[in-house]
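Right, one structure below, let's go through it.
The values are calculated or read from the model by the stated rules, or taken from the named source; none is laboratory data. Note that the coordinates shown come from a computational prediction; the quantities given were computed from them, not determined experimentally. Cβ: placed from backbone, ideal geometry, glycine included. Neighbour counts: every protein chain shown. Surface accessibility is based on the protein's heavy atoms, side chains included, excluding ligands, DNA and RNA. Shrake-Rupley method; radii C 1.70, N 1.55, O 1.52, S 1.80 Å.
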Amino acid sequence: MSGARALLEVRDLAQHFGGLKAVDQVTLSIRAGEIAALIGPNGAGKTTFFNVLTGVYPGTRGEIFFDGSPIRGRPAHEIVARGIARTFQNIRLFSDMSALENVMVGRHARSSEFLLGPLLRTAAFRREEADIEARAKELLAFVGLKALGNERARNLAYGAQRRLEVARALASEPKLLILDEPTAGMNPTESADLVALVRRVRERGVTVLLIEHQMRVVMDVSDRVFVFDYGVKIAEGAPREVTANPRVIEAYLGQEAA
Amino acid sequence: MKGLLHSRRTQWVLLAAALSLPFLARALEFSFLTRVGGVVGLLMLLSLGLNVTLGYVGLFDLGFIAFYAVGAYATAILMRAHVAAPLAVLLAVALTVLIRFLLGLTILRLRGDYLAVVTMGFGEIARLTFNNLDALTNGPKGLQVRPWRPLAFLGAWKPLEFVRKESNVQFYFLIVAAVFLAAEASRRLEDSRVGRAWVAIREDEVAARLSGIPVREYKLLAFTLSAVFAGLAGALFALWDQFVTPESFIFWESILLVAIVVLGGMGSIAGVLLGALILGGIPLLMEATLSPQWIDYRYLFFGVILVLMTLFRPQGLLPSARREAELSS
Amino acid sequence: MAKTSRGVRASRRAAWLLCAAALCACGPRDHSVIIAVAAPLTGDTGAEGQGIKRAVIMAVEEANASHRFPYKIEAKPFDDRADPKEAVNVANLIISDPRIVAVVGHYTSGCSIPAAKVYARAPIAMISPGATTPEVTLQQLSPDWIGPRVVFRDVATDDVQGAAAAQFAYNRLGKRRMALVHDKTPYGQGIAEQFQKTFEALGGKVVSFDGISVGDRDFKALLTKIKDSSDRPQGIYFGGLYTEAGLILVQMRELGLKAPFVFMSDDGAQSPVLYEVAGDAADGAYLTTIGVPVEELPSAQDFIRRYKKRWTGASQDIKPFDHFGYEAAQIVLDALAQAGVPPDREKVLAALPGVRHKGILGETVFDDKGDTQNKIVTMTRARAKDRAFPSVR
Amino acid sequence: MLTQQIVNGLALGAIYALIALGYTLVYGILAMINFAHSEVLMLGSFAALGLAAFAPAAFGTGPLALAGLFAAGMLAAGALNAFIERFAYRPLRAVSRLAPLISAIGVSIILQNAVFLWVSDQSVAFPQPIAIRQIPLFGGAQISSLQAVTLAAALILMALLHFVVEKTRIGKAMRACADDLEAAGLMGVDADVVIAATFFIGGALGGAAGVLYSMSYGSTKYNLGFLPGAKAFTAAVLGGIGNVRGAVLGGFILGFLEVLAAGYIPNGAQWRDVIAFSVLILVLLVRPSGLLGEKLAEKV
């Protein structure tokens, strides 16, 4: 391994639901600044793995170290505050709020004004609000939605909604951004735009971990690939190495044969 | 669009219009108007409270009237213990908030309609407890409250001399002030990180949590804060009508509040105020205007109006406007 | 932008409509004299209020027809839904109309207590045909009372009936152990508490004291407990109205609680509707009534005949408090007659304490609190075969 | 006394269970609280009363009269419920989840006031088609013929409902819609028809409950439905709303709770609703989806 330090260290992680081992014995690490992809057949436990990372599920066993501190089983909002943000496989926006407000909500963990500030409209509160709004606008522009800030989220086009989710996640100034199938349902042009966006996210200094089904995208964007099958990590490495790995081919073919 | 509704000018115009009502009533020799204004005002205060939980956060509360009752009973009991009225109001609000906080702490993990049923159950438990604890509440016979004339001093000024004796006018002014403060506080919270967090929870609880919002705490906050409005309304009610009995806090009142918030527009302050004006004002208006042979049809008409309004404006009369930001810069 | 300003405009328009409607309400002022009837006309106790309304309308119509007054009198109904808040609203509406010279109402104690404070401000007299809690008139003696005394009632207070029923149970029926049930309303609970006080003072034992809720229909569990109680109660005294009284009677019989086990109750239960609810099960129930029973006063029988002739609708039969409503209206008319022409509120209020009205309740004279001095209680016994309530000699 | 109280609890619980089924069927498909259900049940009882008023005197008592009352109450209540769905809920179905609730409240106010104004503003005697007799049971307890009929009718109707839901085509369609309304639509199920049928069946059960309720206590009134309606709704939630067996279980539990509270706790009659609601809250705190409700998995 090269000299880059590990941002995320997962050791022997498991998430069981009754008898079902959705994730089991997963050990991996993500280095700061890389784009890593998580692939695997449907039902391989990829999303469950993300859910444990982000605090949706507590995890059954094992450890997760983020930036040096253990985070497994911590509440989701605390994990966001520590620097992990994510998007969702099925887009989950605050559909009745405007695009701008969606991004502003994303800054929750990086702001602090509570009851008295808003009620009394203190100087500190107004400063913070202005800052939240300015950063949200900057992020909207960053994902290419500058003009659509006042649209309600539910009225945005599908591709725009995906990018809005990215902007909302970035608003919490994450060190690690987790994208769950960011190109799902997109046409090739939209996918290409999104790949470009992911690269620019990395250029901001954010490490990216994504689940992706389109192998073309995986090859194109990722530095490293992890392969899951039946909740277990079966391979990891550079994209070319992994696709040549017989176990991986078997996992994919096995699924297609089934 | 938020700009206009919340522009200082519109607010002051509405406030001035509201404050002039007792003078209009006096000019028309129809003092009933002031009473209607006060009753609608109390309903507005309550609905603004429910709007915080149901409107912003989407917590379905079918027992909100219980906290109106707690505020009213606490005030009545404190007044009987010869506590000064302003202090009694303060303590009553504090107690209401405390009880709602404790309830929220235990039941807020329930979701959706299960929460609705549990709050409905709590509402009934509260009413029946007030009815059964005769030693404290005098049971069904109710509690008398000694008179309090909060703004009698206004009468020292010649043009307002009539206010000295008119408890309706005094309480009307007090209620208008409370509604104004409550609406302003709602607006300020709504237009802040706190309000955005609440609406985000309503829209998608999971996404809210994964955007860094401590959902449990923010639900509890909204649930608890709404009790300030309910407790205050209850205290004002007890002092104004000088009589508190369990009959005033039946399940129907909680339903009416839900209807106001939903029909006004969930999370929309202007909508909720308008909803309270319409749903609270219509029965009183009918009482005043219907001829004797139609007076019995009052609530039949009310039901028809409720159904028609829902069918024609299912999203509410004034659905909440979203923040409009200057995007060009 | 457009959307919200439309909203603001809509709310303004609503406000103007409200004002305009209010203008209409107090608009043209003719010179007729109005007696307000404030009672629950809708809601759970709507039937009782409707009955009172009919009785007052009838009294006013008769007065107009007899040309007793040189002006026309009108009875105007107001609906308080038996809700104290609503009663205060109604009271405010009533005092806003200067043509109204007196109020017959309210029906419940919960409504009468807060509404009376509003009437004292006007001031305008109210005569309640149904509020039996002592507090209704008693509150006027409190140092907190603002304004003159305006409250009168032609019904006897709880203590009168409860005490009489307890004496009857102990002395005449020889009962020593009674189970008490009440409906958790000011009326029912008040009467039951008074029964308990008197019965225990006489040396009887109150075996149990239970509240039920109005609207509930199943009382079998409670009745089973009473039936199997080791204290072996000899009867039930119920404080409440005819619907629950009837349901208890039916279920008592169903559970096999039969004579000599007695059922006793109050004038709120003494209604023909009791037979609708209980049918033959009502037979033999002991019910107190205030004054001489209406059926046995010639003037009252005449009232019943006229009432049945005037009101022929499906559910327009006489309700238990109708004669009190009728009598209250008659008392207001007597006061009007003394008030001169044109009458006003002050004159009516001033005349009322002096009224001695001989009518269908016997003679009604008010004491200085405003309570009726007519405290004759008669015990009646339900007879199912002709649906009557003959008095017990 | 305990056996007697168990009999009382069974008869009361059976009625609650029947009403609860109406709530739970509708909720299962639309996730909507049908606030007008209590008025549907009240109108069912008035429809039966209307039939009895017009029927020839010979019709008076016996099993035929009993069947007639049930048929009238169930048909009228079912049709009314389906009618309400068509005009007051369906236009709102796609718009929002709370709007139908408000229109249901409006409908409920209209129905109650309409009966108050145009039928009767007071209690009305309800026909008694069976002679009241006491049937002795073991332990000195007895069951009245009314209680026996109530229990039997409720059990038969529940069995019938079970058959319809599990074995018939419409039942299968109902279950499919309850699982996933959208998916069922895609599979070619006509959701509108299924929802109308569900409202009809739920309403008919409510109508039957209305007939039993007014027959058991000998009279009916325009506000007859409110209290048992609210309680049965509680029962449905207690059992796990949307779950048919849960509604039945919840109904019986509530019946027993009330009877035990009134029968055994000193001064319990006035606290029985407090006790029932407190138990509900406690149960839900331990089992947030009711006794038989499925745990809602959080899909992320």
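So here's what we get for this one:
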{"read-out": "Filtered residues of region C:110-126 (kept if at the interface with another protein chain (Cβ under 10 Å from one of its Cβ atoms) and open to solvent by 10 Å² or more (accessible area, probe 1.4 Å))", "value": "C:Lys117, C:Arg121, C:Ala122"}
{"read-out": "Out of B:Ala27, B:Ala74, B:Ala66, sole residue that is within 14 Å of chain C (Cβ to nearest Cβ) and of a type in the set (Gly, Ala, Ser)", "value": "B:Ala27"}
{"read-out": "Which numbered condition A:Glu63 fails, given (1) under 16 Å from B:Asp204 (Cα atoms); (2) open to solvent by 10 Å² or more (accessible area, probe 1.4 Å); (3) touching a residue at least 24 places away in the same chain (Cβ under 8 Å)", "value": "(1)"}
{"read-out": "Residue satisfying condition, being farther than 18 Å from B:Ile201 by Cβ and open to solvent by less than 20 Å² (accessible area, probe 1.4 Å), within set A:Ala136, A:Ala76", "value": "A:Ala136"}
{"read-out": "Members of region B:285-296 found to be part of a helix (DSSP H, G or I), open to solvent by 10 Å² or more (accessible area, probe 1.4 Å) and aliphatic (A, V, I, L, M), listed by number", "value": "B:Leu285, B:Met286, B:Ala288"}
{"read-out": "Subset of region C:127-151 (residues that are in contact (Cβ under 8 Å) with a residue 60 or more places away in the chain, buried (at least 23 other Cβ atoms within 10 Å of the Cβ) and of a type in the set (A, V, I, L, M, F, W, C))", "value": "C:Ile127, C:Val150, C:Val151"}
{"read-out": "Within region D:8-46, tally of residues that are over 22 Å from B:Val118 (Cα atoms) and surrounded by fewer than 22 Cβ atoms within 10 Å (Cβ to Cβ)", "value": "1"}
{"read-out": "Residue in region C:63-74 that is under 15 Å from the mean Cα position of the chain (by Cα) and assigned by TED's automatic domain parsing to the domain that holds C:Leu352 present", "value": "no"}
{"read-out": "Among (1) assigned to a helix (DSSP H, G or I); (2) crowded, with 24+ Cβ neighbours inside 10 Å; (3) among the hydroxyl-bearing types (Ser, Thr, Tyr), the one test that C:Tyr107 misses", "value": "(1)"}
{"read-out": "Residue match in region A:44-57 (condition: at pLDDT below 95 and surrounded by fewer than 17 Cβ atoms within 10 Å (Cβ to Cβ))", "value": "no"}
{"read-out": "B:Glu205 open to solvent by 10 Å² or more (accessible area, probe 1.4 Å), closer than 27 Å to A:Val103 by Cβ and under 18 Å from the mean Cα position of the chain (by Cα)", "value": "no"}
{"read-out": "Where B:Arg8 falls short, out of the listed (1) of a type in the set (Lys, Arg); (2) touching a residue at least 12 places away in the same chain (Cβ under 8 Å); (3) open to solvent by 30 Å² or more (accessible area, probe 1.4 Å)", "value": "(2)"}
{"read-out": "Filter result (of a type in the set (Ser, Thr, Tyr), under 18 Å from B:Leu300 (Cβ atoms) and more than 8 Å from chain B (Cβ to nearest Cβ)) within region D:89-123", "value": "D:Ser120"}
{"read-out": "Leading residue by the ranking (farthest from C:Val103 (Cα to Cα)) among those in region C:338-379 that are part of a strand (DSSP E or B) and of a type in the set (Gly, Ala, Ser)", "value": "C:Gly362"}
{"read-out": "Top-ranked residue of region D:246-268 - restricted to ones that are more than 9 Å from chain C (Cβ to nearest Cβ) and open to solvent by 10 Å² or more (accessible area, probe 1.4 Å), ranked as nearest to the chain's Cα centre (by Cα)", "value": "D:Val248"}
{"read-out": "Qualifying position, being under 19 Å from the mean Cα position of the chain (by Cα) and either of a type in the set (Asp, Glu) or within 27 Å of A:Leu93 (Cα to Cα) (or both), among B:Val228, B:Val244, B:Val215, B:Val261", "value": "B:Val261"}
{"read-out": "Residues (small (Gly, Ala, Ser) and more than 10 Å from chain C (Cβ to nearest Cβ)) located in region B:247-263", "value": "B:Ser254, B:Ala259"}
{"read-out": "From D:Val115, D:Val119, D:Val149, residue being within 25 Å of the chain's Cα centre (by Cα), of a type in the set (A, V, I, L, M) and open to solvent by 60 Å² or more (accessible area, probe 1.4 Å)", "value": "D:Val119"}
{"read-out": "From C:Val294, C:Val273, residue being farther than 18 Å from C:Lys358 by Cβ and modelled with pLDDT under 90", "value": "C:Val273"}
{"read-out": "Any hit, region C:180-196, residues being open to solvent by less than 20 Å² (accessible area, probe 1.4 Å), in contact with a helix residue (DSSP H, G or I) (Cβ under 6 Å, 6 or more places away or on another chain) and over 29 Å from B:Ser248 (Cα atoms)", "value": "no"}
{"read-out": "Positions within region A:86-124 being among the small types (Gly, Ala, Ser), more than 7 Å from chain B (Cβ to nearest Cβ) and under 16 Å from A:Val143 (Cα atoms), in sequence order", "value": "A:Ala99"}
{"read-out": "Test: residue in region C:202-209 that is in contact with a helix residue (DSSP H, G or I) (Cβ under 8 Å, 6 or more places away or on another chain), more than 9 Å from every other protein chain (Cβ to nearest Cβ), open to solvent by 10 Å² or more (accessible area, probe 1.4 Å) and closer than 27 Å to D:Phe256 by Cβ", "value": "yes"}
{"read-out": "Region C:343-353, residues that are open to solvent by less than 70 Å² (accessible area, probe 1.4 Å) and either closer than 19 Å to C:Tyr326 by Cα or among the aromatic types (Phe, Trp, Tyr) (or both)", "value": "C:Val348, C:Leu349, C:Ala351, C:Leu352"}
{"read-out": "Residue within region D:269-277 that is of a type in the set (Asp, Glu) and either within 14 Å of chain C (Cβ to nearest Cβ) or touching a Ser or Thr at 6+ places or on another chain (Cβ under 7 Å) (or both) present", "value": "yes"}
{"read-out": "Residue count, region A:94-131 (criterion: surrounded by 14 or more Cβ atoms within 10 Å (Cβ to Cβ), free of Cβ contacts under 8 Å to residues at least 60 places away in the same chain and not in a loop (DSSP other than H, G, I, E, B))", "value": "9"}
{"read-out": "Test: residue in region B:311-327 that is part of a helix (DSSP H, G or I), within 20 Å of the chain's Cα centre (by Cα) and either modelled with pLDDT under 95 or not basic (Lys, Arg) (or both)", "value": "no"}
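Quick grid of which residues meet (1) part of a helix (DSSP H, G or I); (2) more than 12 Å from every other protein chain (Cβ to nearest Cβ); (3) not charged (D, E, K, R):
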site	(1), (2), (3)
C:Asn171	yes, yes, yes
C:Lys175	no, yes, no
C:Lys184	no, no, no
C:Tyr187	yes, no, yes
C:Gln194	yes, yes, yes
C:Asp218	no, no, no
C:Tyr237	no, yes, yes
C:Val250	yes, no, yes
